[in-house]
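Right, one structure below, let's go through it.
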Amino acid sequence: MEIGVDRSLCEANAVCVGFAPDIFDLDDDEELVIQPGPVLADRIEQVTDAVKGCPKNALFIAG
Ligand code: SF4
């Protein structure tokens, strides 16, 4: 499972960071940073909640 973001939709409000702070972060320019690589099994629930919880529907499961 990997996560992607449509940056044209993301408004950097950090809702996903709240759901899964190990996976999502905002950099100094308020750009969303996603931990690269496959999501570890014990983080899948958090990440799924973040995808569903993004108010802009900017996150998606990439594979
Ligand atoms: S919750 Fe959605 S809009 Fe907010 S920072 Fe994350 S991806 Fe961007």
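Any read-out appearing in this document is the output of simple, stated calculations on the displayed coordinates, not a laboratory observation. This is a predicted model, so every value here is computed, not measured. Neighbour counts are summed over all protein chains in view; Cβ atoms, including those assigned to glycine, are modelled from backbone coordinates with ideal geometry.
Against the main long axis of the alpha-carbon atoms of the chain, helix 44-53 sits at an angle near 30°. Potential lengthening of the chain between Ala14 and Asp49 amounts to 11.3 nm, from the contour at 0.36 nm per residue minus the alpha-carbon distance. Among residues other than Gln35 with Cβ under 12 Å from its Cβ, the summed charge is -2 (Lys and Arg +1, Asp and Glu -1).
Restricted to Cα atoms, region 3-61 shows a radius of gyration and a Dmax of 10.3, 30 angstrom.
Label separation (Asp22 vs Leu40): 0.4 nm, computed from points 7 Å beyond Cα along the C-beta direction.
Stretching Glu31 away from Glu2 to a fully extended chain increases their span by 8.6 nm, per 0.36 nm per residue minus the current alpha-carbon distance.
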